[in-house]
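Data first, discussion second: the structure below is written as C-alpha cells.
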Amino acid sequence: MDAIILQILNGLDKGSAYSLIALGLTLIFGTLGVVNFAHGALFMLGAFCAVTVQRLLNLSYVSVDPTRKDFLGNPMKVETPYVEHWFGPEFGATLIAWSVPIALIFSIPVMAFVGWAMERGLIKHFYKRPHADQILVTFGLAIVIQELVKHYFGANPIPVPPPPMFQGSFDFGALIGFDPGTIIYPDWRLVYFCFAVVVIGSVFAFLQFTTFGMVVRAGMADRETVGLLGINIDKRFTITFALAAVVAGMAGVMYAPINSPNYHMGMDFLVLSFVVVVVGGMGSLPGAVAAGFMLGILESFASMNEVKSVLPGIDQIIIYLVAIIVLLARPRGLMGRKGVMEE
C-alpha cells in the first residue's frame with residue numbers, strides 16, 4: 001500500500017508540471033487558435049530565470065582579510081557577495097538561500113514581456129494561417145531560444161537548490177497513519193504540487209469570475225461575435241498569451257530545484273504536454289488539467305519495477321499508448337468541444 005501511495009505522489013509531482021504547461025498551451029489554442037510549439041521554451045526560460053537570479057545574488061568581490069592567514073602566513077583573499085556587503089551578512093545570506101522564491105517574483109514581469117513580444121512580433125501574423133505553418137514557425141522559434149540559452153548558459157545542467165527550509169523530506173506515512181519512515185517524500189516536491197494547485201485554481205477563478213475572463217471565454221467560443229460587439233478582443237488575446245507565458249515561466253522557476261535546468265528541458269516537456277492537451281481535449285482547460293494529472297500518475301505507476309518486469313519499456317510509451325486509445329474512441333479528447341479534431 002505504501003508503494004502505491006508513493007507512486008501517486010510521484011504522479012502528482014509529474015502531473016503538476018504537465019498540467020501547468022498544458023494549461024498555457026490550451027489557453028493559447030482556445031483563444032488564439034494557435035498551436036504554439038514554443039511553449040516548452042517558455043517553461044525552460046522560467047527555469048533559467050531561477051538560474052539567473054541565483055547567479056546575480058551570488059555576484060561577489062574579492063577583498064583581503066588581514067585577520068585570516070593562508071598556510072604560508074599571507075593574508076587571505078575572501079570573496080564576499082555584494083548582497084551581503086549591502087544588506088549585511090545575515091540578510092544577504094538569506095536572500096541567496098531564498099533565490100528561487102525571489103526568482104518567482106522576478107519571472108512574472110520578464111515572462112509577461114516575453115509573451116507579449118512573441119505574440120505581437122510573430123504569432124499575430126499566423127492567426128489565419130494553417131496549423132502546419134504555426135507549428136513550423138513556433139518550433140523554429142523554440143530551437144532559436146534553446147540555442148541562445150545553450151550559448152549563454154552552456155550545455156550542462158545547472159543545479160538550483162531550494163530554500164534551506166525545504167531541503168529535507170516529509171514523513172507522509174506518519175501523517176496518514178502508517179509506520180513512521182514508510183513513506184518519505186521530498187519537501188520541495190510537495191511544495192511544487194501545492195504551487196500548481198494554487199496557480200491552476202487562480203487561472204480558473206480569473207477566467208470564471210472576472211469581466212476580462214468572461215470576455216476571453218466568450219472569445220474562445222465565438223471570436224467573431226465578440227469582435228462585432230465592439231470589444232478589442234485582439235488586445236485581450238495578447239494579454240492572454242502573456243498570461244500563458246507567465247504560467248509556464250513560473251512553473252519552470254519552481255521546477256528548477258527538482259530537475260536542474262538545461263537547454264533542452266523545454267522540448268522534453270513540450271512533447272508530453274502536447275499529448276496531454278490532445279488527450280484532455282484541444283481547447284478544454286479542465287481537460288488539460290485532468291489529463292495532466294491522470295497521465296502523470298499512469299507514468300509513475302508504469303515506472304515501477306514490478307510493472308516493467310512484466311512489460312519492459314512500458315514507462316516510455318504509456319502516455320502515447322493512452323493517447324492512441326483515447327483518440328480512437330473519442331477523437332476530440334476526454335473533454336474537448338464537439339467538432340474539434342473530429343473533421
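The values are calculated or read from the model by the stated rules, or taken from the named source; none is laboratory data. As the structure is a computational prediction, the values presented were derived from the model and not from experiment. All Cβ positions, even for glycine, are placed from backbone atoms using ideal geometry, and neighbour counts span all protein chains on display. For the accessible areas, the whole protein counts, side chains as well, though only heavy atoms, and no ligand, DNA or RNA atoms are used. Shrake-Rupley method; radii C 1.70, N 1.55, O 1.52, S 1.80 Å.
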Determine how large the accessible area of Arg55 is when every protein chain is in place; take a 1.4 Å probe and give Å² rounded to the nearest 10. 110
Of Pro66, Pro186, Pro89, the most mobile residue in a GNM of the chain (C-alpha springs, cutoff 10 Å) is Pro66
Long-range amide H partners of Phe170 with built H, under 5 Å: Tyr185, Asp187
Rounding to the nearest 20 debye, state how big the charge dipole of the chain is about its Cα centre with +1 on each Lys and Arg Cβ and -1 on each Asp and Glu Cβ. 980
Ordering Leu59, Leu272 by the accessible surface of their heavy atoms, 1.4 Å probe, largest first, yields Leu59, Leu272
Sites Lys150 and Leu175 - FRET efficiency at Förster radius 45 Å, r taken between beta-carbons, to 0.05: 0.60
Note to self, the chain gives a 222 nm [θ] from helices alone (DSSP H runs n ≥ 4, -39500 (n - 2.57) apiece, / all residues, nearest 500) of -22500 deg cm²/dmol
Once Lys124 and Ala218 are pulled to full extension, the length gained, defined as 0.36 nm per residue separation minus their Cα-Cα distance, is 31.9 nm
The chain, relative contact order [Cα under 8 Å, separation at least 6], %: 33
In whole Hz and in residue order, list the ³J(HN,Hα) couplings for the range 78-83 that follow from phi through the Karplus curve 6.51 cos²θ - 1.76 cosθ + 1.60, θ = phi - 60°; x for Gly and Pro. 10, 8, 10, x, 4, 5
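Taking 0.36 nm per intervening residue step and subtracting the Cα-Cα distance, what contour gain separates Ile184 from Ala3 on full extension?
64.1 nm
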Using bins 10 angstrom wide from zero, how does P(r) for the chain break down, in % of all Cα pairs? 5, 22, 30, 23, 12, 5, 2, 1, 0
Please list 9-15, 90-96 highest first by mean number of surrounding beta-carbon atoms within 10 Å per residue. 9-15, 90-96
Order Tyr82, Tyr185, Tyr263 by their accessible area, 1.4 angstrom probe, all chains in place, largest first. Tyr82, Tyr263, Tyr185
Whose amide H sits under 5 Å from the amide H of Ser60, counting only residues 5 or more places off or on another chain, with H placed in the peptide plane? Tyr82
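How much length is gained if the chain between Leu56 and His131 is pulled fully straight, taking 0.36 nm per residue apart and subtracting their Cα-Cα distance, in nm to one decimal?
23.0 nm
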Spin-label point model (7 Å from Cα, Cβ direction): what's the Ser63 to Met165 distance in nm? 3.0
Given the protein chains as shown and a 1.4 Å probe, how many square angstrom of Ser260 are accessible, to the nearest 10? 40
For labels at Phe206 and Ile324 in the simple 7 Å Cα→Cβ model, what's the distance in nm? 3.8
Taking the 0 to 90 degree range and rounding to the nearest ten, how far is the long axis of helix 314-329 tilted relative to the main principal axis of the chain, both from C-alpha atoms? 20
Please list 132-141, 312-321 highest first by mean number of surrounding beta-carbon atoms within 10 Å per residue. 132-141, 312-321
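Largest first, how would Trp86, Trp116, Trp188, Trp98 line up by accessible area (1.4 Å probe)?
Values: Trp86 165, Trp116 120, Trp188 15, Trp98 85 Å².
Final ranking, largest accessible area leading: Trp86, Trp116, Trp98, Trp188.
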Subset of Lys14/Lys308; Lys14/Lys124; Lys77/Lys150 violating a 30 Å alpha-carbon distance limit: Lys14/Lys124; Lys77/Lys150
Normalised by the residues of the range 17-115, what does the relative contact order come to in percent, with Cα pairs under 8 Å and at least six apart? 23
